[in-house]
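The values are calculated or read from the model by the stated rules, or taken from the named source; none is laboratory data. Since the model is a prediction, treat every value here as computed from it, not as a measurement. Neighbour counts are summed over all protein chains in view; Cβ atoms, including those assigned to glycine, are modelled from backbone coordinates with ideal geometry.
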Amino acid sequence: MNQHVLDAFDSPLRVDPAALMDDPHAAFAALRPEHPVIRLGEKLYLALRAQEVLSLLTDPRTVQVEGPDYVALKQIPDGAAARFLTDLFLFSNDEAHRAKRGLFARAFAHGAMRAARVQVRGVAETIVADLPRGESFDFVERMAARVPAEMIAAILGLPRSDARHFAPRVYDLARALTPVYPLPHHAAIEAAAGDLFAYVEDHLRLRLEEPGDDLLSRLAADWRANQAISFDSLVHQILGILVGGSDTTRAAFAMLVALLLERPRDWAAVRADPGLVPGAVAEAMRYEPSVGTIARFTTAPLEVGGLLVPAGVMLSVSTLSAMRDPALYADPGRFDIRRADHPRLHPVFGLGPHRCIGEMLARIEMEEGLAALASDAPDIRMEERPRMLGFGGIRQITPMRVRIR
């Protein structure tokens with residue numbers, strides 16, 4: 001793109017990220033008609049419209065932001081968290097990405113995940129049976145957090161009881177994956193990164209000495225036979241699976257249940273017809289996603305809806321905004337568990353080679369968790385609705401008070 005062409009485009013509007021925090025859906029709805037892309041910082045841009053969001057995910061002029069660039073752009077201090085993010089397969093491309101992601105391809109293949117559905121349902125039923133009756137409790141903590149954390153532990157070969165140890169640290173570390181790095185919380189993020197690295201390292205070294213019949217043992221054996229990456233890098237990739245497999249589904253599942261419970265007709269419909277469960281899961285992930293943006297990095301200047309985005313900047317795409325865009329969904333502000341216009345590939349999981357490796361596991365966990373709850377605790381009532389906080393990256397969720405008679 002030559003300079004003459006570049007000069008023909010305007011620069012995106014600069015928006016203070018704080019202005020998007022309280023009600024991102026309303027903010028994006030107001031911005032989207034006139035502003036296909038906005039600027040959040042010196043080198044931070046955000047695409048809002050569905051058309052551009054979906055095309056940018058596979059545009060050859062954008063790549064997944066590399067770990068060192070991510071750390072530099074977010075100004076993350078040196079330490080365990082920065083080392084993890086620098087090395088994580090999520091923030092890599094081409095051969096490095098294939099080598100690191102490929103470690104887990106067989107474990108998360110669709111066939112393996114379908115075979116795990118019965119196990120997931122068993123875990124969910126056990127957790128529902130453990131829920132208090134006749135007293136108020138936090139659903140996020142007592143169920144939504146347990147299903148994905150205990151399942152990812154089981155898949156890796158970690159004790160399910162350890163989920164209570166690593167899950168809170170996972171939630172702290174996940175805060176590093178937001179559009180604006182929360183520097184005031186860096187101490188907690190850094191402590192979590194160090195603790196989790198040591199935890200995974202200990203279990204992995206144990207599998208090198210005493211292998212078992214689990215994924216960690218297979219990863220350890222494969223690494224010993226072909227050390228294409230360092231041992232520390234292997235630990236970082238497993239840690240990434242822990243983060244991705246625990247926090248995002250925790251928030252998504254809690255919000256799914258909240259959206260249904262505040263709509264008694266939908267809750268009754270799901271209880272009466274289990275065939276509605278997959279549609280309810282897909283719609284909740286669209287309506288209030290737990291992941292709001294996907295980070296990309298521009299390798300060349302590009303035009304987005306008539307606006308200029310320069311090379312060498314982080315251009316995140318807002319799936320949260322795109323999934324409320326009327327150009328993609330009919331009546332997008334309406335929560336509809338019978339919606340028939342979902343794209344074949346749900347936008348919340350991304351597109352291309354970086355599409356979420358744990359998509360099927362997340363869907364199964366939410367579907368079986370919801371089915372178990374509808375079957376075994378049909379009279380659950382919500383006393384305090386949770387809120388999904390933030391507009392990008394991995395979003396945080398507030399407590400959700402419920403009661404089962």
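For the reader, a short list of remarks on this structure follows.
- Cross-chain or 6+ apart pairs with Cβ under 6 Å, the stretch 166-187 first and modelled with pLDDT under 90, then surrounded by fewer than 21 Cβ atoms within 10 Å (Cβ to Cβ) and in a helix (DSSP H, G or I): Val180/Pro17
To keep it simple, each residue is scored yes or no on (1) farther than 20 Å from Ala295 by Cα; (2) out of contact with any Pro (no Cβ under 7 Å at 6 or more places or on another chain); (3) of a type outside the set (Val, Ile, Thr).
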position: Ala80; (1), (2), (3): yes, yes, yes
position: Phe89; (1), (2), (3): no, yes, yes
position: Ser92; (1), (2), (3): no, yes, yes
position: Ala105; (1), (2), (3): yes, yes, yes
position: Ala116; (1), (2), (3): yes, yes, yes
position: Gly122; (1), (2), (3): yes, yes, yes
position: Thr126; (1), (2), (3): yes, yes, no
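- Flag if Ser316 is farther than 24 Å from Phe89 by Cβ, buried (at least 16 other Cβ atoms within 10 Å of the Cβ) and of a type in the set (S, T, N, Q): no
- Within the stretch 71-86, residues that are closer than 18 Å to Ile229 by Cα and without any contact (Cβ under 8 Å) to a residue 24 or more places away in the chain reach partners that are surrounded by fewer than 18 Cβ atoms within 10 Å (Cβ to Cβ) and of a type in the set (D, E, K, R) with beta carbons closer than 9 Å, at six or more positions or on different chains, in the pairs Thr86/Glu66.
- Any hit, the stretch 343-364, residues being in a loop (DSSP other than H, G, I, E, B), more than 30 Å from Glu34 (Cβ to Cβ), touching a helix residue (DSSP H, G or I) at 6+ places or on another chain (Cβ under 8 Å) and at pLDDT 95 or above: no
- Remark: Pro289 falls outside the filter, which requires a residue to be surrounded by fewer than 19 Cβ atoms within 10 Å (Cβ to Cβ), closer than 24 Å to Gly352 by Cα and in contact (Cβ under 8 Å) with a residue 24 or more places away in the chain.
- Subset of the stretch 209-225 that is part of a helix (DSSP H, G or I) and either among the acidic types (Asp, Glu) or touching a strand residue (DSSP E or B) at 6+ places or on another chain (Cβ under 6 Å) (or both) - its residue that is modelled with the highest pLDDT: Glu209
- One residue alone among Asp336, Asp331, Asp379 is in contact (Cβ under 8 Å) with a residue 40 or more places away in the chain, assigned to a loop (DSSP other than H, G, I, E, B), surrounded by fewer than 18 Cβ atoms within 10 Å (Cβ to Cβ) and of a type in the set (D, E, K, R), and that residue is Asp336.
- Number of residues in the stretch 128-165 that are without any contact (Cβ under 8 Å) to a residue 24 or more places away in the chain and more than 20 Å from Arg207 (Cβ to Cβ): the value is 4.
- Inspection of the stretch 207-222 identifies at least one residue that is within 27 Å of Arg355 (Cβ to Cβ), surrounded by fewer than 20 Cβ atoms within 10 Å (Cβ to Cβ) and more than 27 Å from the chain's Cα centre (by Cα).
- So Ala27, is it crowded, with 19+ Cβ neighbours inside 10 Å, among the small types (Gly, Ala, Ser) and under 26 Å from Tyr287 (Cα atoms): no
- Residue among Arg133, Arg160, Arg164, Arg169 that is touching an Asp or Glu at 6+ places or on another chain (Cβ under 7 Å) and surrounded by fewer than 16 Cβ atoms within 10 Å (Cβ to Cβ): Arg160
- Test result for Ala191, in contact with a helix residue (DSSP H, G or I) (Cβ under 8 Å, 6 or more places away or on another chain), without any contact (Cβ under 8 Å) to a residue 24 or more places away in the chain and not polar (S, T, N, Q): yes
- For the stretch 73-92, the criterion of being in a strand (DSSP E or B), of a type in the set (S, T, N, Q) and at pLDDT 90 or above is met by no residue.
- Ile189 vs. criteria under 30 Å from Gly41 (Cα atoms), hydrophobic (A, V, I, L, M, F, W, C) and surrounded by 18 or more Cβ atoms within 10 Å (Cβ to Cβ): yes
- Selection of the stretch 176-191 for residues being of a type in the set (Ser, Thr, Tyr) and in contact with a strand residue (DSSP E or B) (Cβ under 9 Å, 6 or more places away or on another chain) yields only Thr178.
- Leading residue by the ranking (farthest from Ala295 (Cα to Cα)) among those in the stretch 157-208 that are of a type in the set (A, V, I, L, M, F, W, C) and not in a helix (DSSP H, G or I): Leu158
- The stretch 1-54 - residue that is in contact with a helix residue (DSSP H, G or I) (Cβ under 7 Å, 6 or more places away or on another chain), small (Gly, Ala, Ser) and within 15 Å of Pro179 (Cα to Cα) and, of those, modelled with the highest pLDDT: Ala47
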